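For reference, the structure is listed below as structure tokens.
None of the figures in this text is laboratory data; all of them are computed from the coordinates on show. All figures in this text were calculated on a predicted structure; none of them were measured in a lab. Cβ: placed from backbone, ideal geometry, glycine included. Neighbour counts: every protein chain shown.
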Amino acid sequence: MSSTAVTRVRTALAAQPRIPLAQLPTPIHDAVRLRDALGGPARCPRILIKRDDLTALGLGGNKARKLEYLVADAQARGATTLITTGAVQSNHARMTAAAACVAGMRCVLVLTATTAEPALAGNLLLDRLYGAEVRLVPSIDPMLAVGQDEAIVAEVVAEEEASGRTPYVIPIGGSSGIGVFGYVAGSAELVEQLAGLNIAPTRLYYASGSRGTQAGLTLGAVLCEAPYRVYGVAVSAGEPEKIERARRIANEAATRLGLPERLDLPDLVTDQSFIGEGYGIPTSVGLEAIDLLARSEAILLDPCYTSKGMAALIAHVRSRELTPDETVVFLHTGGMPALFTGEFASRVSGGDRATP
Ligand SMILES: Cc1ncc(COP(=O)(O)O)c(C=O)c1O
């Protein structure tokens, strides 16, 4: 990295409205016991875990970084109600509800569910605790976890306006040009931490959904001259629309920051081979990753996102695509509330899975 590059990024970000919502910087954990469980230093690269599950806002996760900029933009526009969409167990929705509490705003969540009466557990339970109003939409495609929510969002917007309130719609996953600032800032933080530790990892693994994190991490890596290649592990289908979205919002963010760099499609790496049967459906390698991290490091992954990201890293250790002399970073993006749903509990009750 060059410290001039990071300073330039920080200066550009400082001109953007932001409200502090996350506990930053998040720690970096050297996962030595996980490395041992995967064959030790002779077989496995050094694995650093960037703990963005510990951003603190409303039980933590990656969305806290995006929401710092999105909620500030909402407030700058005089908004009083945050509206967003997602799956019924959306971490983004839960963190938006939590951000609304901190910012003194109302929150309406339009959530896609596969059943008419989803269990009041995990993120949905927290949405209610944070006082959000929840509207449910039936799901039309489990591979994508989408429903026809636009009409309901338009209805909510009209209702809020009719009640004299000012709504602000945050796109799914907080993935917009403004949301991208979160992981541009997160990249500056990470690149500085790595430089301080004198470590130059070769790859950064993370779970990729709506692609705002991808746009921010990839743009941030270019702007901050990061040593690592950003390696997204998809948890849902949706190409080529999603890579186009990542490029568009990354370049919109660069324009807003007044910086000349732009991303092109080859810059945006996404591995599609760990999705399994679809969004939110656990995979056997993902469940193994949850076990392995819990038992080796007492770090909790989630069945929907981080388990699939970590499963890719583990598979690449085993296939020797990663070599023992490398260091890799795994960005832990949070998502633990999904562990506390009945659905997940029924997948772990077998008791015959791997112990490190
Ligand atoms: C725990 C977790 N990890 C990763 C992601 C993916 O982030 P993005 O939607 O920005 O691709 C999400 C998004 O909801 C998430 O909740």
Original post:
Measuring from label point to label point, each 7 Å out along Cα→Cβ, what is the Arg77 to Leu24 span in nm?
Top reply: 2.1
Original post:
Out of Arg65, Arg46, Arg318, any idea which swings most in a Gaussian network model of the chain, alpha carbons joined below 10 Å?
Top reply: Arg318
**OP:** Report the full-extension gain for the segment Asn198 to Ser319: residue separation times 0.36 nm, less the Cα-Cα distance, to one decimal in nm.
**Re:** 40.8 nm
Original post:
At what distance in angstrom do the alpha carbon centres of the stretch 208-267 and the stretch 55-108 lie from each other?
Top reply: 21
Original post:
Where the convex hull is taken over the Cα atoms of the chain, what is its projected area averaged over directions, in nm²?
Top reply: 16.6
Original post:
Could you give the dipole magnitude of the chain about its Cα centre, charging the beta-carbon of Lys and Arg +1 and that of Asp and Glu -1, in debye to the nearest 20?
Top reply: 720
Original post:
Taking the chain as a Gaussian network, Cα atoms linked when under 10 Å apart, which of Ala315, Ala188, Ala254 shows the biggest mean-square fluctuation?
Top reply: Ala315
Subject >> Ranked by how many other beta carbons lie within 10 Å on average, peptides 88-100, 217-229 from highest >> reply: 88-100, 217-229
Original post:
So what is the calculated 222 nm ellipticity per residue for the chain, using -39500 (n - 2.57) for each DSSP H run with n of 4 or more, over all residues, to the nearest 500 deg cm²/dmol?
Top reply: -13000 deg cm²/dmol
**OP:** With r as the distance between the Cβ atoms of Glu159 and Arg256 and R0 = 22 Å, compute the FRET efficiency 1/(1 + (r/R0)^6) and round to 0.05.
**Re:** 0.15
**OP:** Scan around His29 for amide H atoms under 5 Å from its own, H built in the peptide plane at 1.01 Å from N, and keep only partners 5 or more places away or cross-chain.
**Re:** Ile49, Lys50, Arg51
Original post:
For the stretch 158-278, with the dipole built from +1 on Lys and Arg beta-carbon atoms and -1 on Asp and Glu ones, taken about the Cα centre, which of Gly173, Ala237, Leu268 lies farthest toward the positive end?
Top reply: Leu268
Subject >> Fluctuation leader among Ile47, Ile178, Ile152 - the chain, Gaussian network, Cα springs under 10 angstrom >> reply: Ile152
Original post:
If you take the square roots of the eigenvalues of the alpha-carbon gyration tensor of the stretch 33-90 and sort them as a ≥ b ≥ c, do you get rounded (a/c under 1.5), prolate (a/b over b/c) or oblate?
Top reply: prolate
